[in-house]
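Have a look at the structure below before the remarks.
The values are calculated or read from the model by the stated rules, or taken from the named source; none is laboratory data. Because the structure is a prediction, the values reported are computed rather than measured. Neighbour counts run over all protein chains shown; Cβ positions are idealised from the backbone, glycine included. When the accessible area is computed, the model is the full protein with side chains, heavy atoms only, and any ligands, DNA or RNA have been set aside. Shrake-Rupley method; radii C 1.70, N 1.55, O 1.52, S 1.80 Å.
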Amino acid sequence: MSDNAEIKELANFIRDKCKNIVLMLGAGVSTAAGIPDFRSPKTGLYANLARLNLPYPEAVFDIQFFLKNPVPFYTLAHELYPGKFRPTLTHSFIRLLHSHNLLSLCCTQNIDTLERRAGVPSEKIVEAHGSFATQRCVRCRTPFDDAKMKDFVMNYAQKKLIPRCGKKGCGGLIKPDIVFFGESLPPSFFSSQSVVSKADLILVIGTSLTVQPFASLSLYPVPRALINLDLVGDFGMRESDEEREFILLGQCDDIVRELCRELGWEEELMKLWEE
Ligand code: OAD
């Protein structure tokens, strides 16, 4: 667990210096909800995909592979489909930052939509890797009905049916609007860069910072803090004359709770989370 002095310092920094906080989130924020992350050595998704017979683990989210063989993705989508999971304490913390008028932007790589479910307003969220919220045909780009999609994914384990475009003469595969490897990030990601560059603090939580271009947001020369199980990216390498950085290692829910205690927000946090 992280040392308490660093948490106190971050709380003071937030209290005294911050009006515009930008969050950068990854799968570690949702592990306490029961959703595995990708790269943790034993529990991560990529370490547990042998059953899908993939040429390499990331192929499950690779657009060229999906076009040839969508079965591994749909097998996984059935297991990861939103609706089964509840936001974590860290998701409630993001909502709390918003209600204290401190949140400029929540940039997330997660596709589980738990930020929205925690009550963070959609105009403050950039889903950089898309989400399961909408879907369309990979060939003609026609949107596909949400309820029908839910039905296909929820029943995939029994029926093994993959949705296809109903437009006459098309029949293309339907894919959720998740950004696969080989696809570009949404325009909202690129237009958010100016907000990130003006932040008083970039708070990086639960990400290995391995996937670009998302990871590069952490490089803006503004103060930043890492809340994560392990040291990632170039955290710990800033020179003393560069912008301030805070490094808080441990379970994000524990750290966030302690941070809220220091800020006098703990009761509010717990109330929000229990809602
Ligand atoms: P990773 O699995 O790469 O990294 C998760 C990070 O969170 C690791 O550093 C873990 O140690 C840390 N972590 C796990 N549980 C935690 C907890 N309870 N508290 C604090 N830290 C915790 O996941 P991402 O960085 O999100 O892309 O992965 C980035 C992208 O790679 C994903 O969006 C996905 C994947 O391929 C696509 O699907 C396109």
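Since Asn101 meets every condition but one in (1) open to solvent by 10 Å² or more (accessible area, probe 1.4 Å); (2) within 13 Å of the ligand (Cβ to nearest atom), which condition does it not meet?
(2)
Write out, first by first residue and then by second, each pair whose Cβ atoms fall under 7 Å of each other, whose residues are 6+ apart or on separate chains, and whose first residue, in the range 165-181, is closer than 18 Å to Val126 by Cβ while the second is among the charged types (D, E, K, R) and within 16 Å of the ligand (Cβ to nearest atom).
So the pair list comes out as Phe180/Asp62.
Check the range 193-203 and report whether any residue there is over 21 Å from Ile21 (Cα atoms), within 16 Å of the ligand (Cβ to nearest atom) and not acidic (Asp, Glu).
no
Do any residues in the range 253-264 that are at negative phi have Cβ atoms under 6 Å from those of residues that are away from the ligand (no atom under 13 Å from the Cβ) and open to solvent by 20 Å² or more (accessible area, probe 1.4 Å), where the two are at least six apart or on different chains, and which pairs are they?
Every condition considered, the pairs that remain are Cys260/Glu266; Glu262/Lys8.
Quickly run through the range 134-164 and pick out the residues that are among the polar types (S, T, N, Q) and open to solvent by less than 30 Å² (accessible area, probe 1.4 Å).
The answer is Gln135, and nothing else.
Just checking, how many residues over the range 1-13 are open to solvent by 20 Å² or more (accessible area, probe 1.4 Å) and in a loop (DSSP other than H, G, I, E, B)?
2
Give just the number: which of (1) of a type in the set (Val, Ile, Thr); (2) farther than 17 Å from Arg39 by Cα; (3) without any contact (Cβ under 8 Å) to a residue 40 or more places away in the chain does Ile202 not satisfy?
Result: Ile202 fails condition (3) only.
Here is a list: Phe189, Phe214. Which entry is of a type in the set (Phe, Trp, Tyr), over 19 Å from Val71 (Cα atoms), in contact (Cβ under 8 Å) with a residue 12 or more places away in the chain and more than 9 Å from the ligand (Cβ to nearest atom)?
Result: Phe189 is the single residue among Phe189, Phe214 that is of a type in the set (Phe, Trp, Tyr), over 19 Å from Val71 (Cα atoms), in contact (Cβ under 8 Å) with a residue 12 or more places away in the chain and more than 9 Å from the ligand (Cβ to nearest atom).
From (1) open to solvent by 20 Å² or more (accessible area, probe 1.4 Å); (2) over 23 Å from His91 (Cα atoms), pick out the condition that doesn't hold for Asp253.
Looking at each condition in turn, Asp253 falls short on (2).
Consider only pairs whose beta carbons are under 7 Å apart and that are at least six residues apart or on different chains; among these, list those whose first residue lies in the range 73-91 and is open to solvent by 10 Å² or more (accessible area, probe 1.4 Å) and whose second residue is of a type in the set (Asp, Glu) and at pLDDT 90 or above.
Close Cβ pairs (under 7 Å, with a partner that is of a type in the set (Asp, Glu) and at pLDDT 90 or above) amount to Pro82/Asp112; Phe85/Asp112; Leu89/Asp253.
Would you confirm whether any residue within the range 227-245 is in contact with a helix residue (DSSP H, G or I) (Cβ under 7 Å, 6 or more places away or on another chain) and in a strand (DSSP E or B)?
Yes; the residues of the range 227-245 include at least one that is in contact with a helix residue (DSSP H, G or I) (Cβ under 7 Å, 6 or more places away or on another chain) and in a strand (DSSP E or B).
Out of the range 37-53, which residues are surrounded by fewer than 18 Cβ atoms within 10 Å (Cβ to Cβ) and either more than 7 Å from the ligand (Cβ to nearest atom) or of a type in the set (Phe, Trp, Tyr) (or both)?
Pro41, Lys42, Thr43, Tyr46, Ala47, Asn48, Ala50, Arg51, Leu52, Asn53
Condition first: in contact (Cβ under 8 Å) with a residue 40 or more places away in the chain, open to solvent by 10 Å² or more (accessible area, probe 1.4 Å) and more than 9 Å from the ligand (Cβ to nearest atom). Now tell me which residues in the range 219-240 satisfy that.
Of everything in the range 219-240, just one residue is in contact (Cβ under 8 Å) with a residue 40 or more places away in the chain, open to solvent by 10 Å² or more (accessible area, probe 1.4 Å) and more than 9 Å from the ligand (Cβ to nearest atom), namely Pro223.
Is it the case, given these coordinates, that Ser131 is at pLDDT below 95 and either buried (at least 17 other Cβ atoms within 10 Å of the Cβ) or away from the ligand (no atom under 16 Å from the Cβ) (or both)? Can you show your working first?
Values: at pLDDT below 95: yes; either buried (at least 17 other Cβ atoms within 10 Å of the Cβ) or away from the ligand (no atom under 16 Å from the Cβ) (or both): yes.
Spelling it out, Ser131 is indeed at pLDDT below 95 and either buried (at least 17 other Cβ atoms within 10 Å of the Cβ) or away from the ligand (no atom under 16 Å from the Cβ) (or both).
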